[in-house]
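Inspection log for the structure reproduced underneath, given as structure tokens.
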Ligand SMILES: [Zn+2]
């Protein structure tokens, strides 16, 4: 079996099972369930002959019968999937926690792709929460170093990782896959393509290079893609990491670099942190007059979806916390507002947010607000 692990098959099974039990009759089986049933029937000598027998098996602890790959950490294998013809609470929790209810195969694959990064993030976040200030600064810096590296390097090699991270290179290695003929990435005559906006390009159905987020590519991309020679051991970030970390990260990083530029011109922008508190939000700015601004970059096509996402506004930290902010800015890429005039207003209304101290601004407008601020203090 190909490296179906990190819990892919298990996740497919339970997503398919939940869909199946929601249908009025079990047939036709949801595609995810059918697929894993086929795999199980190959692996098990005593594979159940009928659907009721299969359900009976699902009523036993998972560890007693599961034999087709990893079980994700967030599911306790001593528990069972089904009880009295319904999914168990344990399974329901697992699906809700992973936002997995009713999702399709493609999204399961992406979800599984993202598990290594999520695990890493949760560990760093827990370490941060449990320690003292000087240690917190180190953890935050280490997390930012890794995240920024991923955003800047959708392609890498183990040698390059060792050079950058020394003995800790393996921490990064698990976010990458080999550039093989069956990976998602586009390859042609010994080269792969890198876009400055959307990172590694994938192969479309008809075999042409294309972005994994087409609408980002259409609106923002430069067409002069960078060609990268496929050297031995070349790796590419998994598709999930490309979508969730690299592409949104490109905007976050562009803003960070722009603000660094302002910082070199104006001493009144005292400090600038990226991913403070292990990604509590994206950027924190401290000004000479004592004010702190927080920034979260948000890139949603649909202003209503974004409005719902940020409903209730950001978490407010107490004044003695190093994540405290006086003003909070949701910053969106400029062309969201250009393509959809009134985008920011719509988000604000949908989120039910008052104007101050929480703001929703396009990238350029935010940069102008920062310049105005540093100028005024100066
Ligand atoms: Zn692109």
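Any chance you could give the angle, 0 to 90 degrees and rounded to 10, that helix 8-22 forms with the longest Cα principal axis of the chain?
70
Report the equivalent ellipsoid semi-axes for the chain in whole Å, largest first, defined as the square roots of five times the eigenvalues of the gyration tensor built from alpha carbon atoms.
Details: eigenvalues 329, 130, 92 Å².
Semi-axes from the Cα gyration tensor: 41, 26, 21 Å.
Counting only helical runs of four or more DSSP H residues, what would the 222 nm mean residue ellipticity of the chain come to if each run contributes -39,500 (n - 2.57) and the total is spread over all its residues?
Numbers: 15 runs with 170 residues, N = 378.
Taken over the chain, the calculation gives -13500 deg cm²/dmol.
Grab the beta carbon distance between residue 205 and residue 305, set R0 = 25 Å, and tell me the FRET efficiency rounded to 0.05.
0.40
Residues of the range 132-165 with the amide nitrogen closer than 20 Å to a label point 7 Å from the Cα of residue 227, along Cα-to-Cβ, please.
It comes to 154-156, nothing else.
Considering the chain as a Gaussian network with a 10 Å cut-off on Cα pairs, which listed residue, 197, 62, 148, attains the greatest mean-square fluctuation?
Most flexible of the set in this elastic network: 62.
Would you mind calculating the gained length between residue 169 and residue 152 on full extension (0.36 nm times residue separation, minus the Cα-Cα distance), in nm to one decimal?
Details: separation 17, 0.36 × 17 = 6.12 nm, distance 1.58 nm.
Computed gain between residue 169 and residue 152 is 4.5 nm.
Using R₀ = 35 Å, calculate the FRET efficiency as 1/(1 + (r/R₀)^6) where r is the Cβ-Cβ separation of residue 364 and residue 51; round to 0.05.
Details: r = 58 Å, r/R0 = 1.67.
With a Förster radius of 35 Å, E is 0.05.
Can you tell me which of 108-121, 126-139 comes out highest on packing, and rank the rest after it, using the mean Cβ neighbours within 10 Å?
On the way: 108-121: 19.1, 126-139: 12.8.
Packing order, densest peptide first, comes out as 108-121, 126-139.
First check a/c for the range 8-103, with a ≥ b ≥ c the square roots of the eigenvalues of its C-alpha gyration tensor; if it is under 1.5, answer rounded, and if not, answer prolate when a/b is larger than b/c or oblate otherwise. Walk me through the numbers before you get to the answer.
Numbers: a/c = 1.34, a/b = 1.10, b/c = 1.21.
In terms of gyration-tensor shape, rounded.
Note the angle between two axes, namely the Cα long axis of helix 31-43 and the longest principal axis of the Cα atoms of the chain, as a number of degrees from 0 to 90, rounded to the nearest 10.
Helix 31-43 sits roughly 50 degrees off the main axis of the chain.
What is the gain in length, in nm to one decimal, between residue 35 and residue 145 on full extension, counting 0.36 nm per residue of separation less the C-alpha to C-alpha distance? Provide the component values of the computation, followed by the final result.
On the way: separation 110, 0.36 × 110 = 39.60 nm, distance 3.95 nm.
In short, 35.6 nm is gained.
Going 7 Å from the Cα of residue 327 in the Cα-to-Cβ direction, what parts of the range 336-351 have a backbone nitrogen less than 18 Å from that spot?
344-345, 348
Taking only the alpha-carbon atoms of the range 226-378, what semi-axes of the equivalent ellipsoid follow from 5 times the gyration tensor eigenvalues under a square root, in whole Å, largest first?
27, 21, 16
Report the calculated FRET efficiency for residue 267 and residue 196 (r = Cβ-Cβ distance, R0 = 35 Å), to the nearest 0.05. Show your work: numbers first, answer last.
Working: r = 31 Å, r/R0 = 0.89.
About 0.65, to the nearest 0.05.
Bear in mind these aren't lab numbers, they're just calculated from the coordinates by the rules spelled out. Because the structure is a prediction, the values reported are computed rather than measured. Here the Cβ is made from the backbone with ideal geometry for all residues, glycine too, and neighbour counts use every protein chain on show.
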